[in-house]
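Here's the structure we're looking at; comments come further down.
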Amino acid sequence: MALIDSSYTHRDGETRGIGYRRWVIAQATLTACLKVKGMRWVMWTCWIYALLQGVFLFGFGQLMIENSAVSNFITEELDLFKNFAPMFRAWAADNPRIAIGMTYNMFFYLFTGSIVSSLTLSLVALGMAIPRLITSDLSSRAITIYSSKAVSRFDYCIGKFAGVLLLLTLTWLGPTLATWMMGNLMAPEVSFFWHTAPALLHSVAFVGLGMVILGLMALGISAMTSSPRTATAVWVGLLLMGVVLSGIGMGSKNYWLQYLSFWFDLELLQRSLFGIGGDFKELGDKYPGFTEMGLIKNIKMRLELTAENVSAAIACLSVLSAGALVTLYKKVKPE
Amino acid sequence: MSGAIIETNGVTKLFGDFAALNNVSLSVSPGTIGLLGPNGAGKSTLIKCLLQLHPISMGGAKLLGRDVGSEGREIRTRVGYAPEQDCLISGMLGCEYVTYCAQLNGLPFKEARQRAHEMLDFVGMGQERYRAVDTYSTGMKQRVKLAQAIVHDPELVFLDEPTNGLDPRGREQILQLVESLWKQHQISVILSSHLLQDVDRICGEIIIIARGEVLVQDTLKNLKARRAGIAELVVEGEHQRVLEILRANECTCELESNGHITVRHGRESLTPVLSFLRNEGVQPIEALPSPNALEEVFLQALSTHGPD
């Protein structure tokens, strides 16, 4: 009797194109990343953080509506803020660009890129995911299997990159969009959307660029080594080195050291995209003296930006991205 | 399929100054082809060059009638490959892994999943398919590698040392499966191995490669014919009588330690020998024409072209 069940059948179905195969790699990459211990906690934290911000912005929007539950609560229950809601509504009616637009812009500036932000959580998520991106395929030699299938090295890298973008969408872009939508839920009028839209556009532009840059860097580091620990160590080292150099460079003669921190470079890029300097200028023009007050003045000075600052940051981020691409080209190949 | 499945023209692969393949020219017809050679001969390198896992340094090659250099992706949709080393994706279950490999070849998810289970049945994987591949034994890994190589129904499969590390029963099962691929399903197989008995068992054509050069390419039948004139007989009892009959008929023969009789009869066919034995009332239990022919051809080819 034969030892095998010879039930092989030939197939006659459709064969999907290269876009599908890249998508399959992206899905598998995301699935592998989500299996990392602790990743779901990071993910939940991102979304809970977004929910809290969304609730705050929802309350802010409801403040604009007379007799809304939020307005009534503030007026009736909080004596200290009894006159706040009517005053704020009146101010917003006269200066919607500043009261709504600028508030949203500053809020999303902080939400997408400050130290306590979804960017920080995304950096943590990337650190956890890096060993599962390319490193594990190098160590298990699975790269040979990919190369023997109908996908090229380029297709593999595109699929992996899309997988990282999906991960960052879950930790960064998704929460940002959700926060904006919650803030605009039951908005007082259509014009509210128009005043908050620039903040959304700035956020999407910054988060989109940030995702591409961080995605490339994560893939580059993941492709550097077949050791998961080394890959994680390089990522953490790069982050810590950036923080230290940024601290040393701040306010010193060697201010250029700050540009060696990709986090600092991203922040400059973000400041430029959000036009924070322009917002402060407009605020100063409208309310002379306001921006010269101690704390506000201090913040304004720290957020000032020149074209050279932005160019240097873009140059440094470009070098890092190019380095990541070269690493991918050199390292992603079968033995 | 008719026509050559593999055509190479002066394929050379250099690693620095070292030529892992040196001016390899081949034309291989569909069937089960054994790629034989000692370790480090260049067998795996040849397969990797044909699959574009390593770029070819010089020369050109066609697989299934398509140019390897310019139509690699199209070729790989029609070709399967089970590498020698472990190359499983850590963290995946066996069935997930084979499904994923099918999807990488363009199968829609539902069909990929269905075929993955069919192929896992085909290679004899039971409930182990629901375990993480990291926990698999060598035999399971070999089966899963074979399943992923054929899940997309290729026309040609490259199997690099598929019986390495298997116990006799597992080895027999894998060889039966591989044999059935061509005989029952018309999927050509290139079986790379240093185990002569595996190749002898299932291959119709042999390519012997050493030091990056093709030493021999011929059908197994022709190779055995080169060693015609030698046979091995298995008889029950009466060994001395059989030896006397054979010697009386101008054959040189000797009794081996395992009880078999090696006969050097010098004829094209074994039929006359069997005929005069039958006339004397002797009926061998088994008669093996050209025993160990492949081993002898292999050793001769290596010695003619210098040791590896």
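The values are calculated or read from the model by the stated rules, or taken from the named source; none is laboratory data. No experiment lies behind these values; they were computed from the predicted model shown. Here the Cβ is made from the backbone with ideal geometry for all residues, glycine too, and neighbour counts use every protein chain on show.
Restricted to helices (runs of 4 or more DSSP H) entirely inside segment A:93-201, those with at least 3 residues that are touching a Leu at 6+ places or on another chain (Cβ under 8 Å) are A:103-113, A:118-130, A:142-148, A:153-168, A:174-183. Tell me yes or no: at least one residue of segment A:124-139 is among the polar types (S, T, N, Q), closer than 19 Å to B:Leu104 by Cα, free of Cβ contacts under 8 Å to residues at least 12 places away in the same chain and within 14 Å of another protein chain (Cβ to nearest Cβ). No, because not a single residue in segment A:124-139 is among the polar types (S, T, N, Q), closer than 19 Å to B:Leu104 by Cα, free of Cβ contacts under 8 Å to residues at least 12 places away in the same chain and within 14 Å of another protein chain (Cβ to nearest Cβ). Consider segment B:58-84 and keep the residues that are surrounded by 15 or more Cβ atoms within 10 Å (Cβ to Cβ) and in a loop (DSSP other than H, G, I, E, B). The one that is nearest to the other protein chains (Cβ to nearest Cβ) is B:Pro83.
Looking across A:Ile145, A:Ile221, one residue alone is crowded, with 23+ Cβ neighbours inside 10 Å, more than 18 Å from the chain's Cα centre (by Cα), under 30 Å from B:Leu51 (Cβ atoms) and free of Cβ contacts under 8 Å to residues at least 24 places away in the same chain. It is A:Ile145.
If you take the residues in segment A:15-38 that are among the charged types (D, E, K, R), within 7 Å of another protein chain (Cβ to nearest Cβ) and in a loop (DSSP other than H, G, I, E, B), which one is nearest to B:Glu179 (Cα to Cα)? Result: A:Arg16. The residues of segment A:109-142 that are surrounded by fewer than 24 Cβ atoms within 10 Å (Cβ to Cβ) and of a type in the set (D, E, K, R) amount to a single one, A:Arg141. Looking at segment B:178-189, which of its residues are in a helix (DSSP H, G or I) and surrounded by 22 or more Cβ atoms within 10 Å (Cβ to Cβ)? Residues satisfying the conditions are B:Val178, B:Leu181. The residues in segment B:118-142 that are within 11 Å of chain A (Cβ to nearest Cβ) and either part of a helix (DSSP H, G or I) or in contact (Cβ under 8 Å) with a residue 60 or more places away in the chain (or both) can be counted, and the count is 7.
Using the structure shown, decide if B:Asp86 is of a type in the set (Asp, Glu), under 25 Å from A:Val36 (Cβ atoms) and modelled with pLDDT under 95. Yes: the conditions hold for B:Asp86. There is at least one residue in segment A:154-170 that is more than 23 Å from the chain's Cα centre (by Cα) and not aromatic (Phe, Trp, Tyr). The set of residues from segment B:160-177 being more than 21 Å from B:Glu295 (Cα to Cα) and either part of a strand (DSSP E or B) or not small (Gly, Ala, Ser) (or both) comprises B:Leu166, B:Asp167, B:Arg169, B:Gln173, B:Ile174, B:Gln176, B:Leu177. State whether the residues of segment A:58-65 include one that is among the polar types (S, T, N, Q) and more than 11 Å from chain B (Cβ to nearest Cβ). Yes; the residues of segment A:58-65 include at least one that is among the polar types (S, T, N, Q) and more than 11 Å from chain B (Cβ to nearest Cβ). Does B:Glu205 meet the test of being in contact (Cβ under 8 Å) with a residue 60 or more places away in the chain and either in contact with a strand residue (DSSP E or B) (Cβ under 9 Å, 6 or more places away or on another chain) or not aromatic (Phe, Trp, Tyr) (or both)? In short, yes. For segment B:275-308, the set of residues classified as modelled with pLDDT of 85 or more and either within 18 Å of B:Thr219 (Cα to Cα) or crowded, with 17+ Cβ neighbours inside 10 Å (or both) consists of B:Leu277, B:Val282, B:Pro284, listed by residue number. Only one of the listed residues (B:Gly3, B:Gly106) is touching a residue at least 60 places away in the same chain (Cβ under 8 Å), part of a loop (DSSP other than H, G, I, E, B) and more than 18 Å from the chain's Cα centre (by Cα). That residue is B:Gly3.
Residues in segment A:10-30 that are of a type in the set (Ser, Thr, Tyr) and at pLDDT 95 or above: A:Tyr20, A:Thr29. The set of residues in segment B:85-108 that are hydroxyl-bearing (Ser, Thr, Tyr) and facing chain A (nearest Cβ under 7 Å) comprises B:Ser90, B:Tyr100. Among the residues of this structure, A:Ser191 counts as one that is in contact with a Pro (Cβ under 9 Å, 6 or more places away or on another chain) and either small (Gly, Ala, Ser) or buried (at least 24 other Cβ atoms within 10 Å of the Cβ) (or both).
Being crowded, with 21+ Cβ neighbours inside 10 Å, away from every other protein chain (no Cβ under 11 Å) and part of a loop (DSSP other than H, G, I, E, B) is the filter here, so list the residues in segment B:33-55 that pass it. Of everything in segment B:33-55, those that are crowded, with 21+ Cβ neighbours inside 10 Å, away from every other protein chain (no Cβ under 11 Å) and part of a loop (DSSP other than H, G, I, E, B) turn out to be B:Gly37, B:Ala41, B:Gly42. Determine whether B:Leu196 is more than 10 Å from chain A (Cβ to nearest Cβ) and surrounded by fewer than 21 Cβ atoms within 10 Å (Cβ to Cβ). So B:Leu196 passes the test. The condition of being of a type in the set (S, T, N, Q) and closer than 23 Å to B:Gly124 by Cα holds for only one of B:Thr8, B:Thr12, B:Thr99, that being B:Thr99. Of all residue pairs spaced 6 or more apart or on separate chains, those with beta-carbon atoms under 8 Å, a first member in segment B:160-173 that is at negative phi and a second member that is among the aromatic types (Phe, Trp, Tyr) and not in a helix (DSSP H, G or I) are B:Asp160/B:Tyr81.
Screening B:Cys101 on (1) touching a helix residue (DSSP H, G or I) at 6+ places or on another chain (Cβ under 7 Å); (2) surrounded by fewer than 20 Cβ atoms within 10 Å (Cβ to Cβ) shows it passes everything except condition (2).
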